[in-house]
Amino acid sequence: MPDVELPVRRLAGADATAQLDREWLVTNGLGGYASGTLCGVTTRRYHGLLVAAHPAPLGRLMVLNHLTETFRLPDWQAVRVGGVERVGGTLDVQGIDLLKEFRLEGGLPVWTFAVDGHTIEKRVVLPYRQNTVHVIYTLVDGAGPVRVKLRPSVHFRGHDDHVNSAFRDPYTLTATPHRYELACGDPAYPTLRLAVAADDASLTLDGRTEPDVLYRVEEHRGYEKAGLLYSPGLFRLTLRPGHPAALTASTEPWEKAVAVSGTDALAREYERRRKLLAAAPVARTPLGAELVLAADQFVITPGTRAADTARAHAHGDEARTVVAGYHWFTDWGRDTMISLEGLTLPTGRPAEARYILRTFAAHVKDGLIPNYFPDRENEGVYHTADATLWFFHALSRYALATGDTDFLRELRPTLTDIIAKHVAGTRFGIGVDPADGLLRQGAEGYQLTWMDAKVGEWVVTPRRGKAVEINALWYNALRLMAGWTGEAEYGQRADQVRESFNRCFWNEDTGCLWDVIEGPAGDDPAIRPNQLFAISLPHPVLDPKHWRAVVDVATAKLLTPVGLKSLAEGHPDYKHKYFGDLRARDAAYHQGTVWGWLIGPYADARAKAYPDRADAADLVTGFDAHLSEGCVGTISEVFDADPPHTPRACVAQAWSVAEVLRLLAAVT
């Protein structure tokens, strides 16, 4: 393997507010993760050092919430880092001021603390496909010794549960030499295994409960803001030059949890990441290399669904899927199919693209792939009109990149059945209108397109009727089937769709396309980015004479440095900011809020409309700066509609990373 240099992104020690606003994320290839703020204060229910992915019905579990660190210097000066914040309390500003630098080194977080001539580095690594975390401390400067106190705190719960959810006490600790097992009062939950590898390591038992721990982001999002944490005791260890120390926490059996030391696990993970970069043509630029490592966070083995693994092994494959976003999303069909090309093909992972496609193909029901898989269940939820059509697109991109015609033949019966079910009509009102061949969709109380916000019984953007991007995707799928099968029926249906689409969707008044036609309230003239898919897809349904007009409208009214607005300003439903409680956020989710992933279809449409402006490099520059804000090293789900386009919602989103990677690959 060539000597591959790992990308490094550095952030100088910043003020308390900046450290609270910026976050970090490390994942384990199973859907589990560790995450937090740069300063170590927990502000979200999802912040913790180990969220372990377990089979349903447990799902992803928060098992190590927090670690308070205190460094005692040779002069006996003690400085605490990363304490919790309490309701009505204040932050430990002294500890925050110790942070000299935070950096991502090969996508893994490194904190550099400096005080009184001593420099200490802290690293966090999750071994690949293990529910284990190693927190490693190294004295890189100063004679030492430095005494370190580590206080772990826990609240065993589902990672998506509210912070005030049932406290599963009593917690009990079982100790053997150098190994400790922490169990809660619920026998269904796994045991947390703790070990410390360090000089003079010891544990002082002083079980205590921390009340009123504040989670300020949850408060701002309108959720429960305060909860309890339990700490079994205090680990003490010594740092000396050349002798790193590591705390290991795991829900794996002991023989797996400690099979590799923390420092060896870190070295092996860096080696795995070098191999990812070596295999990825798009990694030749620093931004490309960072995003290849960010993409790796989303491609996982679905450890919560054993049946998927069994089916994959029967084919001689492995089960793979895509986490749509961290922290709270699972694998969503639509997000997976939109993301598949960017996450796997320019990154040199075509075999995993096939694994993902086969995983979802096994779940086709009534002509639909699942909208998403709930975290604690084995069965999917199917209310989506577009995910299945994106499946055709993802399959076509895989086949074009690999030439794997055998896989196309294998899936042909499934694809044929999907088309037949759509023609005849399937669930949620999804079916072809025989009068014009267009695809209509919609059922009362359901949100079936990607603009899928719903609060209680309120579907914010129902878009029932014939939606513009649904029919662009339907046409694309028919053309693909015509090419794959050679059957005239598919081409004839596609011809009918194209004629009807261009007759029905062009809106002379706006100089672009209707967003939805024949809806309950008639035709919808809202200017949204959905119309771009009529140009951007490999088989564009829109007549080329209208391409420039549509792109010009999108450029003038929707384009930002970090994606496209979901609705043009001036519409009565336009929202300037995505913020507040759940109802306020969902009211803004697709009503102006900027989506990073839409930069991909915009770039494709612009390249077709203006071939002389086909270079996409200028469209991704805004994302480079974004990698130093929000969750460092990755791309957020959405941004505020108005400048400065503050990042919001999921801190790391698969299709945002995937589409920027895909554009980078085109210009690398």
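Within segment 115-137, what residues put their amide N at less than 14 Å from the label point 7 Å along the Cα-to-Cβ vector of Ala143?
117-118
Stokes-Einstein at 25 °C, 0.890 mPa s, Kirkwood radius from Cα pairs: D for segment 8-274 in µm² s⁻¹?
Roughly 132 µm²/s, to the nearest whole number.
Could you state, as a whole-number percent, how many of the C-alpha pairs of segment 433-549 are farther apart than 24 Å?
When all Cα pairs of segment 433-549 are counted, 26 percent exceed 24 Å.
State which helices in the chain qualify, where a helix is a whole DSSP H run, it must extend 30 Å or more along its own axis by its Cα atoms, and its mean Kyte-Doolittle hydropathy must be at least -1.0.
Answer set is empty.
How far is it, in nm, from the label point at Glu379 to the one at Asp618 when both lie 7 Å from their Cα along the line to the Cβ?
Distance between label points: 5.3 nm.
What full-extension length gain, to one decimal in nm, is calculated for Asp200 and Ala56 as 0.36 nm per residue of separation minus the Cα-Cα distance?
In short, 47.8 nm is gained.
Above 29 angstrom, tally the Cα pairs of segment 1-147 and express them as a % of all pairs, no decimals.
20 percent
Round to the nearest 0.05 the FRET efficiency obtained for Lys256 and Glu444 when R0 = 45 Å and r is the Cβ-Cβ distance. Don't jump to the answer; show the numbers that get you there.
On the way: r = 50 Å, r/R0 = 1.10.
Efficiency at R0 = 45 Å is approximately 0.35.
Do any of Lys275/Lys454; Lys149/Lys256; Lys149/Lys225 go past 30 Å between their Cα atoms, and which?
Details: Lys275/Lys454 42 Å; Lys149/Lys256 26 Å; Lys149/Lys225 28 Å.
Going by Cα-Cα distance, Lys275/Lys454 fall outside the 30 Å limit.
What's the local net charge at Phe71, with K and R +1, D and E -1, over the other residues with C-beta under 10 Å away?
The answer is +2.
Multiply the residue separation of Ala175 and Ala18 by 0.36 nm, subtract the distance between their alpha-carbon atoms, and state the gained length in nm to one decimal.
Working: separation 157, 0.36 × 157 = 56.52 nm, distance 3.97 nm.
Extra length from Ala175 to Ala18 when fully extended: 52.6 nm.
What does the extension gain come out to for Arg548 and Ala401, with contour length at 0.36 nm per residue minus their alpha carbon separation?
Residue separation times 0.36 nm, minus the Cα-Cα distance, leaves 50.1 nm.
Near Ala652, within a Cβ-to-Cβ distance under 11 Å, what is the net charge of the other residues, with Lys and Arg +1 and Asp and Glu -1? Before the final figure, lay out each step's value.
Numbers: positive: none; negative: Glu23, Glu637.
That sum, taken over residues with Cβ under 11 Å, equals -2.
What list do you get for Cys650, Cys512 if you sort them by fewest beta carbons within 10 Å?
Fewest-to-most ranking of Cys650, Cys512: Cys650, Cys512.
Taking only the alpha-carbon positions of segment 192-331 and ignoring solvent, what does the Debye formula give for the base-10 log of I(q)/I(0) at q = 0.11, 0.16, 0.17, 0.22 Å⁻¹?
Cα-only, vacuum Debye calculation for segment 192-331: -0.76, -1.27, -1.27, -1.24.
Give the value in nm², to one decimal: projected area of the alpha carbon convex hull of segment 568-609, averaged over all directions. Don't jump to the answer; show the numbers that get you there.
Values: hull surface 14.4 nm².
Result: 3.6 nm².
Could you pull out the GluC sites (Glu not before Pro) across segment 1-86 that fall in loop regions by DSSP (anything but H, G, I, E, B) with no more than 14 other Cβ atoms inside 10 Å?
Numbers: sites: Glu5, Glu23, Glu69, Glu85; in loops: Glu5, Glu85.
When the GluC sites (Glu not before Pro) of segment 1-86 are filtered for loop state and at most 14 Cβ neighbours within 10 Å, Glu5 remain.
Express in % the proportion of alpha carbon pairs of segment 470-626 at distances exceeding 26 Å.
Looking at segment 470-626, the distances longer than 26 Å represent 33 percent of pairs.
Rounded to the nearest 0.05, what FRET efficiency do Glu224 and Ala306 give with R0 = 25 Å and r taken as the Cβ-Cβ distance? Could you check?
On the way: r = 32 Å, r/R0 = 1.30.
Working from the Cβ atoms, E equals 0.15.
Among 369-380, 399-410, what's the highest-first ranking by average C-beta atoms within 10 angstrom per residue?
Output ranking for 369-380, 399-410: 369-380, 399-410.
Which label marks the calculated value of percent of Cα pairs over 34 Å apart, given the options (i) 63; (ii) 60; (iii) 45?
Calculated percent of Cα pairs over 34 Å apart: the matching label is (iii).
All of the numbers you see were taken from the coordinates with simple rules; none came from a lab. Given the structure is predicted, the values throughout are model-derived calculations rather than measurements. Glycine also receives a Cβ, built like all others from the backbone with ideal geometry; neighbour counts cover every protein chain displayed.
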